[in-house]
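Each remark here refers to the structure printed beneath this line.
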Amino acid sequence: MALSHDSISRWLSSAKVQPKDLWETASKEIDKNRGILAFDDVVIDKSRSNKMELVNWQYSGTEHGVVKGIGVLNALWQTSKEKYTPIDYRIWNPPDDGKTKNDHFREMLSSAKSRGLEPEMVVADSWYRSFDNLKSIRSHGWDWVMGLKSNRLVNKSHIQICKLDIPDEGLKVYLKGYGWIKLFRFEGKNGRTDYVGTSRLDLTKEQIKSYFERRWSIEVMHRELKANLRI
């Protein structure tokens, strides 16, 4: 039976799809004990909207500046580079709930734990590298791999990580208020330098690279949402 424009409009106006509905579907497709838990946010551009709900001014990594749009934090369960499943999301709307993206991040971690997920690793970019977030991951008994800002201070000398001599095998450093982590430096082809830390002190640079490459799946998902679903 063909769907009319009016029937779709009526469904869109009445449907109340919640994060729990996404999980109900995703939980049937995944192995809870085999995968990594990846997080990232995306801004849905609404620069021409003046009265739309959920639209806020916020920083967009894609645009490298502040834009008007709907901010969505997504959680992805990934078992390989080819297979990944979105399992949770939150809409960033501080005027309504007063929550930051980091608040949502920690809530999603707790939800993942309560749902029985046991990730091999939690992976995110440097936006989510706060002490509270790292401690929250540790409180669930999980390890993490995350990007770190070049001016992050470490060790008793409070030195910026960009000023450290970091060998290829990584460098063990101390984060005040957290503990020991292992730090790696990656040089990009465009001259960019990235710093990545992990709670696993036994990991090699190749293993860290593999985890971060797998995190790229969530970037691919965001591109597909925009390109194929016109979000």
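Results, tabulated for the structure shown:
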{"item": "Of all residues in the range 78-116 being out of contact with any helix residue (DSSP H, G or I) (no Cβ under 7 Å at 6 or more places or on another chain) and of a type in the set (A, V, I, L, M, F, W, C), the one that is surrounded by the fewest Cβ atoms within 10 Å (Cβ to Cβ)", "result": "I91"}
{"item": "Residues of the range 65-118 satisfying the condition of being aromatic (F, W, Y) and either within 17 Å of E29 (Cβ to Cβ) or in contact with a Gly (Cβ under 9 Å, 6 or more places away or on another chain) (or both)", "result": "W77, Y84, Y89, W92"}
{"item": "Enumeration of residues in the range 79-121 that are assigned to a strand (DSSP E or B), in contact (Cβ under 8 Å) with a residue 40 or more places away in the chain and among the hydrophobic types (A, V, I, L, M, F, W, C)", "result": "I87, W92"}
{"item": "Some residue of the range 123-131 being loosely packed, with under 15 Cβ neighbours inside 10 Å and modelled with pLDDT of 95 or more", "result": "no"}
{"item": "Search result, residues across the range 10-20 that are over 20 Å from the mean Cα position of the chain (by Cα) and either modelled with pLDDT of 70 or more or closer than 30 Å to L117 by Cα (or both)", "result": "R10, A15, K16, V17"}
{"item": "Residue match in the range 135-149 (condition: assigned to a loop (DSSP other than H, G, I, E, B) and at pLDDT below 95)", "result": "yes"}
{"item": "The range 27-41, subset buried (at least 17 other Cβ atoms within 10 Å of the Cβ) and in contact with an Asp or Glu (Cβ under 8 Å, 6 or more places away or on another chain), residue farthest from E219 (Cα to Cα)", "result": "G35"}
{"item": "Output for the range 170-223, where each listed residue is small (G, A, S) and outside any helix (DSSP H, G or I)", "result": "G170, G177, G179, G188, G191, G197, S199"}
{"item": "Selection from the range 181-231 of residues that are surrounded by 15 or more Cβ atoms within 10 Å (Cβ to Cβ) and β-branched (V, I, T)", "result": "I181, V196, T198, I208, I218"}
{"item": "Neighbours by Cβ (under 9 Å, 6+ apart or cross-chain): first from the range 20-41, in contact (Cβ under 8 Å) with a residue 40 or more places away in the chain and among the polar types (S, T, N, Q); second buried (at least 22 other Cβ atoms within 10 Å of the Cβ) and assigned to a strand (DSSP E or B)", "result": "S27/I87"}
{"item": "Filter pass, P119 being out of contact with any Pro (no Cβ under 9 Å at 6 or more places or on another chain), crowded, with 22+ Cβ neighbours inside 10 Å and more than 20 Å from T193 (Cβ to Cβ)", "result": "yes"}
{"item": "Residues satisfying the stated conditions in the range 150-180, i.e. loosely packed, with under 13 Cβ neighbours inside 10 Å and of a type in the set (D, E, K, R)", "result": "K156, K163, D165, D168, E169, K172, K176"}
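The values are calculated or read from the model by the stated rules, or taken from the named source; none is laboratory data. It should be emphasised that the depicted structure is a prediction, and the values quoted were computed from it without experimental measurement. Ideal geometry is used to build each Cβ from the backbone, glycine not excepted, and the neighbour counts take in all protein chains shown.
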